[in-house]
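Chemist: Following this message is one structure expressed as structure tokens.
Bear in mind that the values in this text are calculations on the coordinates, not laboratory data. What you see is a predicted model; the values in this text were computed from it and never measured. We place every Cβ from the backbone using ideal geometry, glycine too, and count neighbours over all the protein chains shown.
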């Protein structure tokens, strides 16, 4: 493996770590906001588990949608950068 290939592998690994961290943090934030919002509404209206359960059930698919959106955007960005580099090398 050449130095250039090694550098590409390191960059790729760092990107994947950053993407996984970003997706994990977004998922955590969505679930925590769902939980806290549901608990607050339940406390306000006196409906103990209703809003908490509804918000958590709604937050789960929302976090999956956000995860897919962020991942697809990151992959598209990498593809465009890769195509730019290929054009520069071939020119």
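Chemist: Using a Gaussian network model on the chain with a 10 Å cutoff between Cα atoms, which of 15, 55, 45 fluctuates the most?
Modeler: Among 15, 55, 45, the largest mean-square fluctuation in the Gaussian network model of the chain belongs to 45.
Chemist: In degrees, nearest 10, range 0 to 90: what is the angle between the Cα axis of helix 3-45 and the longest Cα principal axis of the chain?
Modeler: 10 degrees
Chemist: Given the peptides 21-28, 34-41, 78-85, arrange them by the average over their residues of other C-beta atoms within 10 Å, most packed first.
Modeler: 34-41, 21-28, 78-85
Chemist: Follow-up question, since we're still on this one. Roughly how compact is the chain, stated as its Cα Rg over 2.2 N^0.38 Å to two decimals?
Modeler: 1.67
Chemist: Quickly work out the residue 36-to-residue 85 label distance, labels modelled 7 Å from Cα along the C-beta direction, and quote it in nm with one decimal.
Modeler: 3.9 nm
Chemist: A further question follows. Give me the percent relative contact order of the range 3-85, please, defined on Cα pairs under 8 angstrom at least 6 residues apart.
Modeler: 29 percent
Chemist: Going 7 Å from the Cα of residue 15 in the Cα-to-Cβ direction, what parts of the range 48-91 have a backbone nitrogen less than 16 Å from that spot?
Modeler: 70-89
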